[in-house]
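The values are calculated or read from the model by the stated rules, or taken from the named source; none is laboratory data. Since the structure is predicted, the reported quantities are computational estimates derived from the model, not experimental observations. Backbone-built Cβ (ideal geometry, glycine too); neighbour counts: all protein chains shown.
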Amino acid sequence: MTTLLIADDEKNIRSGLQLAFEDEGYKVLTAADGNEAWDCVQKNIIDLVITDLRMPGMDGNELIKRVASSYPTLPVIVLTGHGTIETAVETMREGAIDFFTKPVDIDKLSLVVKKTIAASQLAEQNRKLAEEIDKLKRQQGYGRIIGKSGKIAQLMQTVNQVASTKATVLITGESGTGKELVAEAVQQLSPRRDKPYIKVHCASLSPSLLEDELFGHEKGAFTGAVAQKKGRFELADGGTLFLDEIGEIDQTTQVKLLRVLQEKQFERVGGEKTLTVDVRVICATNRDLYKEMQEGRFREDLYYRLNVVHIEVPPLRERKEDIDLLATSFISTFNSEDGRKIEGFTPQARKALFSYSWPGNVRELRNSIESAVVLSKGKVIDIDDLPPQIRDTGGECTVTFNLPVTMDEAEMRLILETISYAKGNKTKAADLLGIGRKTLHRKLAEHNGEEQ
């Protein structure tokens with residue numbers, strides 16, 4: 001529960017503010033002077049301080065200085081009956097975040113408190129997410145795959161287990177899931193990490209060009225072959241070769257690839273000399289290779305030779321608990337690249353990220369965050385900063401009524417549906433409804449009393 005500290009030497013003001021904020025669902029501590037307030041700050045976990053300036057003993061100015069020095073992230077709001085612009089400027093300079101003169105407008109003060117607490121919670125959430133990301137990177141040994149979900153933990157366990165071997169690895173998964181990162185993780189965690197790491201994107205090359213890229217050619221092998229060219233297998237000798245979109249290669253190349261995997265030998269195009277290489281092969285595809293094999297488009301012997309270790313990369317919709325970590329990491333990346341200072345997401349924007357199905361997976365999330373970072377008008381990404389297809393599925397809860405219905409019945413239906421949407425968390429439900437926790441409990445008690 002959020003805890004406020006109210007420091008004022010006038011008992012009526014302390015009591016009035018305490019009752020008002022307790023009704024809004026806050027825990028409220030009070031202090032009659034600066035010394036008592038400072039002692040309270042040191043002994044309790046306080047989320048926000050509201051203090052008078054003129055108090056006996058330690059005054060408000062000294063309290064603000066001490067808080068700013070020892071607890072720099074603790075926000076302080078000033079109340080005073082002697083307010084001037086100069087006083088306001090001075091207290092803001094010393095660390096206060098806002099300034100109200102007495103008699104205070106409770107509604108305006110409550111709004112500032114709510115926004116300040118939300119900003120503080122966002123900053124704390126981002127700090128914890130950043131710490132969690134760093135911890136995961138250290139635990140996994142590879143920093144570019146981010147996630148705490150069970151599926152990612154299992155994936156990284158397999159990566160770490162297979163990396164130290166020479167086994168051929170087949171990585172499958174939908175487009176945009178991060179198959180290339182998994183391949184890189186296997187290579188980076190292997191004993192071959194300091195050896196050549198060669199990548200070939202098979203889908204971008206015609207069959208003849210792919211054969212030439214993989215195996216090279218001799219001078220004069222064909223028109224335009226004015227010099228000998230080493231292929232990717234030869235260049236990767238002693239290291240690792242990553243074949244992306246392996247399902248796109250033609251039958252002729254499949255035969256030659258099978259020979260290299262089985263015998264570790266091949267000839268350059270137009271050559272007679274047999275070359276022997278030591279290459280660890282990692283493949284990736286978004287196709288169902290087993291189905292391709294059954295339908296005769298992919299050789300059975302090559303399929304089983306490639307599928308020694310199979311790693312399936314889960315789609316983002318099956319690991320939504322990783323979205324917060326991924327989005328926070330992407331914000332940090334694009335803040336650095338684009339010179340921005342985005343701090344995080346509003347609750348509505350975060351809800352939209354979790355509600356969206358992400359057909360383009362992590363790649364789509366990354367592109368969406370980059371767009372939001374660039375287009376955001378403030379320091380926090382709101383739902384309107386997200387691409388249309390994401391904000392249109394913002395996870396809003398819809399409540400329908402069968403008319404006629406009284407206002408009391410409609411209100412209670414809304415309250416009950418919101419509690420259900422918040423999975424029974426009444427504090428969260430009260431926050432979503434914009435009412436105090438005590439108000440929510442009172443309305444529920446009145447409703448239950450009527451039912452009896």
Among what's in segment 355-371 and is modelled with pLDDT of 95 or more and among the small types (Gly, Ala, Ser), pick the residue that is surrounded by the fewest Cβ atoms within 10 Å (Cβ to Cβ). Ser371
Consider only pairs whose beta carbons are under 8 Å apart and that are at least six residues apart or on different chains; among these, list those whose first residue lies in segment 147-158 and is among the polar types (S, T, N, Q) and whose second residue is outside any helix (DSSP H, G or I). Ser149/Pro314; Ser149/Arg319; Thr158/Val309; Thr158/Ile311
Quick check on my filter: what residues within segment 267-284 are surrounded by 21 or more Cβ atoms within 10 Å (Cβ to Cβ) and assigned to a strand (DSSP E or B)? Arg280, Val281, Ile282, Cys283, Ala284
Conditions (1) among the small types (Gly, Ala, Ser); (2) farther than 27 Å from Gln157 by Cα; (3) within 15 Å of the chain's Cα centre (by Cα) -> Ser329 fails only (2)
Enumerate the pairs (first residue in segment 288-300 and at negative phi; second residue anywhere and surrounded by 14 or more Cβ atoms within 10 Å (Cβ to Cβ) and among the acidic types (Asp, Glu)) with beta-carbon separation below 6 Å, excluding pairs fewer than 6 apart on the same chain, so at least 6 apart or on different chains. Phe298/Glu292
Subset of segment 291-316 [surrounded by fewer than 13 Cβ atoms within 10 Å (Cβ to Cβ) and of a type in the set (Lys, Arg)]: Lys291
Any chance you could count how many residues in segment 181-210 are without any contact (Cβ under 8 Å) to a residue 60 or more places away in the chain and under 20 Å from Thr168 (Cβ atoms)? 17
Report, ordered by the first and then the second residue, all pairs with beta carbons closer than 8 Å, sequence separation of six or more or different chains, a first member in segment 319-346 that is at positive phi, and a second member that is buried (at least 20 other Cβ atoms within 10 Å of the Cβ) and hydroxyl-bearing (Ser, Thr, Tyr). Gly344/Thr328
Selected residue (criterion: farthest from Thr427 (Cα to Cα)) from residues of segment 27-55 that are within 38 Å of the chain's Cα centre (by Cα) and in contact (Cβ under 8 Å) with a residue 40 or more places away in the chain: Thr51
What single numbered condition from (1) surrounded by fewer than 17 Cβ atoms within 10 Å (Cβ to Cβ); (2) touching a strand residue (DSSP E or B) at 6+ places or on another chain (Cβ under 6 Å); (3) not small (Gly, Ala, Ser) fails to hold for Asp250? (2)
Test for Glu180: is it out of contact with any Ser or Thr (no Cβ under 8 Å at 6 or more places or on another chain) and either among the β-branched types (Val, Ile, Thr) or assigned by TED's automatic domain parsing to the domain that holds Ile282 (or both): yes
Given the conditions (1) farther than 27 Å from Gln125 by Cβ; (2) part of a helix (DSSP H, G or I), and given that Ala68 satisfies all but one, which numbered condition is not satisfied? (1)
Yes or no: Leu17 closer than 21 Å to Ala119 by Cβ, touching a strand residue (DSSP E or B) at 6+ places or on another chain (Cβ under 8 Å) and not in a helix (DSSP H, G or I)? no
Could you pull out every one of the helices (runs of 4 or more DSSP H) wholly within segment 397-452 that has 2 or more residues that are farther than 24 Å from Lys114 by Cβ and modelled with pLDDT of 75 or more? 407-421, 437-451
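Each row is one residue, and each column tells you yes or no for (1) closer than 20 Å to Ile106 by Cα; (2) outside any helix (DSSP H, G or I); (3) at pLDDT 95 or above.
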residue: Met1; (1), (2), (3): no, yes, no
residue: Ile6; (1), (2), (3): yes, yes, yes
residue: Asn12; (1), (2), (3): yes, no, no
residue: Glu22; (1), (2), (3): yes, no, no
residue: Glu36; (1), (2), (3): no, no, yes
residue: Asp39; (1), (2), (3): no, no, yes
Per-region count, segment 41-54, residues assigned to a loop (DSSP other than H, G, I, E, B) and more than 13 Å from Val78 (Cα to Cα): 4
So which residues in segment 97-109 are part of a helix (DSSP H, G or I) and surrounded by 18 or more Cβ atoms within 10 Å (Cβ to Cβ), if there are any at all? Leu109
Leading residue by the ranking (nearest to Pro315 (Cα to Cα)) among those in segment 114-150 that are more than 16 Å from the chain's Cα centre (by Cα) and assigned to a loop (DSSP other than H, G, I, E, B): Tyr142
How many residues, within segment 254-266, are part of a loop (DSSP other than H, G, I, E, B) and not basic (Lys, Arg)? 0
For segment 2-18, enumerate the residues that are among the β-branched types (Val, Ile, Thr) and surrounded by fewer than 18 Cβ atoms within 10 Å (Cβ to Cβ). Thr3
